[in-house]
Amino acid sequence: MRFDIKAYLDDNSLTIYRVAKDSGYGYTTIHKSFNKTQSDVTSLNVRDLDALAKAQHKAMWEVLRDLERLYFDSDQHK
């Protein structure tokens, strides 16, 4: 599954810096992860979901639900 993380960040008024700061993960780690091209090999990982959830005071399942509903890249199947 591929998600449009940059659109998710924009729509939720988040920056990579804020996600890193609020989640406790390093900026470089989050920056590399959110800016990489996702493929079947490099998917969104649990750390990324945890970071997004902590930055918004949500549960990881809520973030994943939003990503699946609103930010899923359906072009990967074409």
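For region 11-17, backbone phi angles converted through the Karplus equation (6.51, -1.76, 1.60; θ = phi - 60°) give residue-by-residue couplings of 5, 9, 6, 10, 10, 4, 4 Hz, Gly and Pro being listed as x.
In sequence order, region 55-71 has phi-based couplings of 5, 10, 6, 10, 7, 4, 5, 5, 5, 4, 4, 4, 4, 5, 6, 10, 10 Hz under the Karplus curve 6.51 cos²θ - 1.76 cosθ + 1.60, θ = phi - 60°, and Gly or Pro positions carry x.
Per-residue SASA remark: residue 64, around 60 Å² accessible (1.4 Å probe; ligands, DNA and RNA not included).
The values are calculated or read from the model by the stated rules, or taken from the named source; none is laboratory data. Quantities reported herein were computed from a predicted structural model and do not represent experimental measurements. With ligands, DNA and RNA removed, areas are computed over all heavy atoms of the protein, side chains included. Shrake-Rupley method; radii C 1.70, N 1.55, O 1.52, S 1.80 Å.
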